[in-house]
Amino acid sequence: MVKYVIGENEAGQRVDRFLRKYFAGVPLSRIYRIIRKDLKVNGRRIREDQMLEEGDELTLYISPEQFQKDARQVRRKPPARRQFKVIYEDPQVLVVSKPRGLLVHGNAQEKSNTLQNQVCGYLQDRGEYDPAQERIFTPSPVNRLDRNTTGLVIFGKTAAATRALTSAIRSRDGVRKFYLAIARGQIREEMILTDRLRKDEEKNRVTVDEAEGKSSETHIRPLRAGDHHTLVEVELITGRTHQIRVHLAKAGHPLAGDPKYGKGEKISPNGSGQLLHAYRLVFGELGQPLEELSGKTLEARPPKVFDQAVRDLVGRDAEKNY
């Protein structure tokens, strides 16, 4: 027999989902057999959809040896070299500014040096996260930027904060996300761009597909127009993959430097890459556990390469517009 007490970051989920994460390599059939025959919560038999609360005591009628064998093994990883800048932090939330060239999550080519791993290492060093103890929770981003898009990324430091942030982002008034971008051509009027977008996972490319795509909405406000490029502020209403890049390209104003949806021209000594920066987050009235973040506006200055491109492509004093 093994007893296990549910912690703060394990509460708020169904018992079957908790066990599926905790016993990650165990077949589903055995998970549900454990729930039916070998599990009590606070001394009582339960259904697989019962929600767990902090402090609940799970009694599993399996041997300690079998429990350790089945449990997901998590080891402390050496921290990745820190490349991000901390913009805001409280006990529940961390907001950082991501540099160009860094993935938010890992992929098949890069699994270790990611923004998420760097943030986890930062929190480990501060004693706020121990992967050996948190077997099913990892501090995670609730918004995502492309590799060459710079700027603000929000992380939940607890499971409850991550759920609340995800809900706030889905709400129009919970979190408003603004970007700075340099688009090709002259944009003189505000635009509201709406299309249904579909992602080809194999090619990692997004196309407009009015039949099968997902609805999307992007608001564009010109800040300063040059002879051949325009500095714009973009508000992202929905959060589809490559949404800003696809919408502006379809409107005839692809992002300067965009290698996938534009001409991919070289815009700095560092090479090509879309000129897009997530520079402002506006938070609405938020309840627990996000009350310290409620009503705040956070900003991150663009990198120097962006500022230089604004001067070169839009105008020498165009930086004054942000």
Report task. Evaluate the following for residue 188: is it surrounded by 14 or more Cβ atoms within 10 Å (Cβ to Cβ) and either of a type outside the set (A, V, I, L, M) or not assigned by TED's automatic domain parsing to the domain that holds residue 175 (or both)? Result -> no
Query - Pairs with Cβ under 6 Å, 6+ apart, first in region 230-243 and at positive phi, second part of a strand (DSSP E or B) - result: 242/206
Requested in this report: May I ask you to verify whether residue 18 is under 21 Å from residue 160 (Cα atoms) and either surrounded by 14 or more Cβ atoms within 10 Å (Cβ to Cβ) or over 31 Å from the mean Cα position of the chain (by Cα) (or both)?
Outcome: yes
**Report entry** Residue selected from region 289-322 under the condition without any contact (Cβ under 8 Å) to a residue 24 or more places away in the chain and among the polar types (S, T, N, Q), by the criterion farthest from residue 226 (Cα to Cα)
**Finding:** 294
Query - Filter result for residue 10 (of a type in the set (D, E, K, R), under 20 Å from residue 160 (Cβ atoms) and assigned by TED's automatic domain parsing to the domain that holds residue 162) - result: no
Query - Count - residues of region 121-143 that are closer than 25 Å to residue 175 by Cβ and without any contact (Cβ under 8 Å) to a residue 60 or more places away in the chain - result: 10
Requested in this report: Please work out if residue 47 is over 26 Å from residue 128 (Cβ atoms) and either assigned to a helix (DSSP H, G or I) or at pLDDT 90 or above (or both).
Outcome: yes
Query raised in the report: Looking only at region 142-174, which residues are closer than 20 Å to residue 302 by Cβ and either assigned to a strand (DSSP E or B) or charged (D, E, K, R) (or both)?
Result: 144, 146, 147, 150, 151, 152, 153, 154
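The values are calculated or read from the model by the stated rules, or taken from the named source; none is laboratory data. In this text, all values refer to a predicted model and were calculated from it rather than measured experimentally. Cβ atoms come from the backbone with ideal geometry, glycine included; neighbour counts cover every protein chain shown.
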